[in-house]
Amino acid sequence: MPRFLSPLANVQPTVYLVVAGAVFLLVGSLDSARFASLTVGGVGVGAAYGSLALALVLIYRATHVINFAQGELAMLTTYIAYQLVQWGLSYWEAFFATLAIAFVLGTAIQVTIIRPVQHRSVIGTVIVTVGLFILIDGIASWRWGGIAYAQLPSPFGFGAWEVGGVPIQHLYAGMFGIVLASVLLVWALFRFTKIGLGMRAAALRPAAASLAGVRVDAMLALGWGFAAVLGAVAALMYEPSQFSGLTPTLMQTALVYAFAAAVLGGLESPAGALVGGLAIGVFLNMLAGYAPQVVSLEVPFAFAALLATLLIKPSGLFGQSQVQRV
Amino acid sequence: MRRRLPALGSVAIVAAALSVLPFVLSDYNVYLGAEVGVFFIAILGLNILTGYTGQISIGHGAFMAIGAYVTAVMSRDHGTNLVLTMLVAFAACFVIGLLVGLPALRLSGVSLALATFALAVSVPQLPLQWSNYLGGSLGVQASTKPSGLFGISMPGVAALSNQWIYGVAWASSALLFGMAWLILRGRVGRAFRAVRDSEIAAVASGVELGLYKTLAFGISAAYAGVAGSLFVMASNGFAQYQDFLVVLSLQLLIGAAVAGLGSLWGILVGAAFVGLLPKISGSVPLIGSDNGRDIVYGLLVILVMLVLPGGFAGLLARLRSLARGLNRESIPVKLRESSSQ
Amino acid sequence: MKTLLELEDVEARYGPIHALHGVSLAVQEGAIVAVLGPNGAGKTTTLRAVSGTVRRSGRIVFDGKALGRAGPAGAARLGIAHVPEGRGTFSELTVWENLRLGAYTRRGSIKSDVERVLTYFPWLSDRRRQQAGTLSGGEQQMLALARAFVQRPKLLLLDEPSLGLAPVLVAEIFRIVRELNEKEGLSVLVVEQNAHLALQAAQFGYVLEAGEIALSGTSAELRADESIQRSYLGY
């Protein structure tokens, strides 16, 4: 290739795909107001999926375990925020308090329930997360399930900016913004702090990290804590966009989409999870807007994407291809 | 299934107990017994897949759904004898299982789990999409009169009554268990075990990996199909997609984990755990109701996995070696893990 | 001279398999001690027993303190740096991040530590941003050594440093180890299949066979021993 383009040789081909997609969306939005508004909505909701997907990837990278209870945990923390608001806290006070509580819950779960099983087998740990799913669902339903029309006050209101005839709802912009901010914070933590380095090392090679003095078990617990925080952000952002408001089933379909997003992006790639979430959010919103007759196939579509990714490029769009084993 | 004949004593006790129960238990409990039989068959199939070839599936609820709808639709449209539909479900799911197993060869561990999870979530939605043929949210009602060939009628027992279902379910279970035992003690079984223990070594020994892994998928899917068929019969012949959502696949997975590997008693315990517990623990005082049931169930699942990593079969193995006075640790049979570090 | 590390009747097992059947050895402060022996003798296991990577029983005293049940992270904090077989470098992290990990147990500024390390491995400062996995085998081994040294340990456990490396590089590595030992007073317990190199660098040696110490002595004594000459020195 010509010399001035040579820095591009190191760029993964999928980045081109993503850029092309973004350009497509931009052009379409400039062309049609409906397209634009569907894109905006998709990006907002997709950010929530991406945040949840990121939580899944965080835990998967560290322990090769898929946490089936991630969505339910997120839902539970949202109910906790609801309860805090009921007790008189302002939305943002409740928001940050909930994030702290989510962190504690995540670490506590890892230490008490996951740690005893994680060394034995991956599938055993996954089943424990399934049990956790059922347990948390039961607890949330028991405590708050009877409340009809539970809702968190929306911090963004329901207004919108008018940009060239296209309404950009504050809600969707807010969803995207908050998720982006939290993701950047977590990224910075991993990239620039000593603890972040320890967590990365513990996830990559626990044995070698241990030899360097990293307390691997503690790092895993922290990982779960941060994952819980990301999940809480996802649910807190997602809830205002749902007509049914706050219900125990709030995050169940979102979890399914988050799985698809995580796989799409490559289970080991945080950036991929986020982009995957946005892609799925936009795609599904487009589907709902332009082909409402196949709405009941939304979930299967998401999974068709997941399956296709797994079969064609198991390491996902952003993942590193692994050596083919026999 | 162990290589030597499972202690004839065990089989005899189980068979005797099961034969007596319908006469002793209340009608509702007989129904529950039939449900346990349904889960027994499905978990047996999963045991073959996961326990013997190490492939993880969180999607066998989808095969149950397929078997269920095969039965319901055939009966509704052609009045086919219900037992015959079971055979068709078996065959159909075997083929579909093979078709799923083929691409599944490229995946392993968590990827395979997620792919099968995708199946579990997507397949039950199909009746909604093809609602003309598959009844949509209204479901499909089978015709309740067994007719034609193989008209099985037991004297004094009405078709589709709980006793009838119980009988058919456990008779099928016995048949399928025997079949599984035969398969697993032979060449196929050895090949399966070779695949589970080390794929590379198996290939080096000339075991055709793809063939046996796909075969295992087909067999386990066929078993799940039969289970689905029976499930519909137990539900008064009514098939509805809501019964086959992803929760079902999770239940099967839990049941297989509780069962552990290769023990008849284990599979019975696993089937009972999944079939009975959700229904019984609803009477928990203090919390009561559905939510209490979920809380207890969830806690139990977690506890069982913490305390009994090898499932019930592992517990039995440990008790046996204790009884023999040996001190060596039973080497736990690990279900296939994803790539290690 | 003070005894820095002492093993008394140490046993170690991997599940049901006994790897060490009562190993006793000692490392004096400021010394380089070699552990020789055939494959499967338990040399690597001995190092793992010291760093706490494997389950062990028996007495291990380091710097006057009994090691008890401390795992590898604890051992690192006490001043033991273990460079495992296969180096244990983090291929996905950069050279700089690998070095920083070495300083994980240290508080406060690590600048002077790193600068000190760079005097022994000057070529590392140009490669800070390079992914460790793209370094050659020899460079990775040196990075592993550098990382261990950033830890400012009292004892270095070195497992098969020559594995898979060209002789020139191996000679360089042993030269650096000797330099660290002489200039920084770093005590070393090195496991090595290449008996010749090991005995050149070390003052004292042990020969391990089937999980037990078969022979021990100063390197001069060992080199002169006929059975060693036959089995390990190729005479």
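The values are calculated or read from the model by the stated rules, or taken from the named source; none is laboratory data. Here the structure is a predicted model, which means the values were calculated and not measured. We place every Cβ from the backbone using ideal geometry, glycine too, and count neighbours over all the protein chains shown. Keep in mind that these areas ignore ligands, DNA and RNA; they rest on the heavy atoms of the full protein, side chains included. Shrake-Rupley method; radii C 1.70, N 1.55, O 1.52, S 1.80 Å.
Scaled to the globular estimate 2.2 N^0.38 Å, the Cα spread of chain A, given as radius of gyration, is 1.01. Here the peptides B:107-113, A:284-290 are ranked by packing, the mean other Cβ count within 10 Å, and the order with the highest first is B:107-113, A:284-290. Taken residue by residue and averaged, Cβ atoms of other chains lying within 10 Å of the Cβ of B:300-310 number 6. The mean number of Cβ atoms from other chains found within 10 Å of a Cβ in peptide A:60-66 is 3, as a whole number. What a 1.4 Å probe finds exposed on the protein assembly as shown is 63% carbon and sulfur by accessible area, rounded to a whole percent. Multiplying the residue separation of B:VAL20 and B:LEU8 by 0.36 nm and subtracting their alpha-carbon distance yields 2.5 nm.
Solvent exposure of chain C amounts to 44 Å² per residue of accessible area, where only protein heavy atoms count and the probe is 1.4 Å. Chains A and C together bury some 1900 Å² of accessible area, summed over both sides, with a 1.4 Å probe. Under 20 Å Cα to Cα from A:LYS313, which aspartates and glutamates show up? Leave out anything in the same chain fewer than 8 places away. Partners within reach: A:GLU268.
Taken residue by residue and averaged, Cβ atoms of other chains lying within 10 Å of the Cβ of C:86-93 number 4. Compactness of segment B:4-245 is given as radius of gyration and Dmax, 18.4, 58 Å, from Cα positions. Each stretch of four or more DSSP H residues adds -39500 (n - 2.57); spread over every residue of the protein assembly as shown, this sum gives -19500 deg cm²/dmol at 222 nm. Rounded to the nearest Hz, the phi-derived 3J(HN,Hα) couplings of segment C:205-220 under the Karplus curve 6.51 cos²θ - 1.76 cosθ + 1.60 (θ = phi - 60°) are x, 10, 10, 9, 9, 6, x, 9, 6, 9, 8, 8, x, 6, 5, 4, where x marks glycine and proline. Figure note: B:ASP77, C:ASP159 ranked by solvent-accessible area, largest first, 1.4 Å probe, ligands and nucleic acids not counted: B:ASP77, C:ASP159. Please name the residues of segment A:134-152 whose accessible area, counted over protein heavy atoms with a 1.4 angstrom probe, falls by no less than 10 Å² between the chain alone and the full protein assembly. SASA drop of 10 Å² or more in segment A:134-152: A:ILE134, A:LEU135, A:ASP137, A:GLY138, A:ILE139, A:SER141, A:TRP142.
Residue-wise HN-Hα couplings along segment A:147-162, as the Karplus relation 6.51 cos²θ - 1.76 cosθ + 1.60 with θ = phi - 60° gives them from phi, are 7, 7, 6, 5, 8, 8, x, 7, x, 9, x, 10, x, 8, 8, 9 Hz; Gly and Pro carry x.
The smallest convex shape that holds all Cα atoms of the protein assembly as shown, its convex hull, gives 209 Å³ per residue. Scanning residues 5 or more positions from A:ALA150 or on other chains, those with amide H under 5 Å from its amide H are A:LEU246, with H placed 1.01 Å from N in the peptide plane. Each residue was assigned an accessible area with a 1.4 Å probe, and for B:LEU277 the value is about 40 Å². Per residue, the accessible area of segment B:4-245 comes to 39 Å² when a 1.4 Å probe rolls over the protein heavy atoms. Summed over both chains, the area buried between B and A is near 4000 Å², taken from the accessible surface of protein heavy atoms with a 1.4 Å probe. Among B:TRP130, B:TRP181, B:TRP164, the sequence by solvent-accessible area, most first, with a 1.4 Å probe is B:TRP130, B:TRP181, B:TRP164. Judged by the mean number of other Cβ atoms found within 10 Å, the most tightly packed of the peptides B:296-305, C:211-220 leads the ranking B:296-305, C:211-220. Across segment A:311-317, computed HN-Hα scalar couplings (Karplus, 6.51 cos²θ - 1.76 cosθ + 1.60, θ = phi - 60°) run 7, 8, 9, x, 8, x, 4 Hz from first to last residue, x flagging Gly and Pro. Entry comment: accessible area of segment A:27-183 is 38 Å² per residue, from protein heavy atoms only and a probe of 1.4 Å. Taken over the alpha carbons of chain C as equal point scatterers, the Debye sum produces base-10 log I(q)/I(0) values at 0.07, 0.14, 0.15 Å⁻¹ of -0.21, -0.88, -1.01. For the listed peptides B:47-58, B:235-246, A:35-46, a ranking on the average number of other beta carbons within 10 Å per residue, highest first, reads B:47-58, A:35-46, B:235-246.
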